[in-house]
Amino acid sequence: MTESGEQFAGTSARSTKHSPRIDEELEHEMQGMLRSDRPTRAEEWRDVEPVAEGDPDIDIDPAGTLVGGTPVGMDADAVVRRAELARWLDRADFPSDGPALVEAARDHRAPDAVVAELERLPEGQTYERIGDVVRALGYPTET
C-alpha cells in the first residue's frame, strides 16, 4: 500500500519483508538468547567473537584525554558526568522538572546510576537544558 496525500499507510497496511509466520519463528529463536543473556547456539562459529587479548578497552574517555580538552571552570570528571547525563536525555525532554526527567531517563533505558543521579534533583524547579540540571546537581560548569 502506498501513501496518498496526507494519509500515511500504517505498518500493518504496508508490505513487509517477512510473513507473520516467519516473524513469529524469528521471535521464537530470539527468546532463549534474550532470557538467558548469553548465546544459545550449539555451533561456535555462529557466536559473536569476543574482544581479542591485545585490543584496547572501549571507553567513553580513553586514556583520560578528552578531545578538545576541558572547558574553563570544569574538570575532566565533570565533563564525563555531564556527557553521560546528556546521553540519556533528549532536547525534547526539556523544559521539565526533576520527576519528569527521571521518567524520561527511564523511558530511554538509562543506567541505574544515571537515574539515581537525576533523582537527587531538587523538587519544584523547572530545568530548561542539561546545563541547568548539571548546576542543580552541584557539578562545575564552564565559565
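The values are calculated or read from the model by the stated rules, or taken from the named source; none is laboratory data. Note that the structure is predicted; figures quoted are calculated from it, not measured. No Cβ is skipped: glycine too gets one built from the backbone with ideal geometry, and neighbour counts run over all protein chains shown. Quick note on the areas: whole protein, heavy atoms, side chains included, nothing else; ligands and nucleic acids left out. Shrake-Rupley method; radii C 1.70, N 1.55, O 1.52, S 1.80 Å.
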message: Testing the spin-label approximation: label points 7 Å from Cα along Cα→Cβ at Ser36 and Glu142. State their distance in nm.
response: 4.9
field: Heavy-atom accessible area order for Val72, Val79, Val133, largest first, 1.4 Å probe
entry: Val72, Val79, Val133
message: Using the Cα centre of the stretch 65-143 as origin and beta-carbon charges of +1 (Lys, Arg) and -1 (Asp, Glu), tell me which of Ala116, Val79, Ile130 is placed farthest towards the positive end of the dipole.
response: Val79
Amide H within-cut-off set for Asp97, under 5 Å, with H built and near neighbours excluded: Tyr127
message: If packing is taken as the average number of other Cβ atoms within 10 Å across a peptide's residues, how do 23-31, 112-120 rank, most packed first?
response: 112-120, 23-31
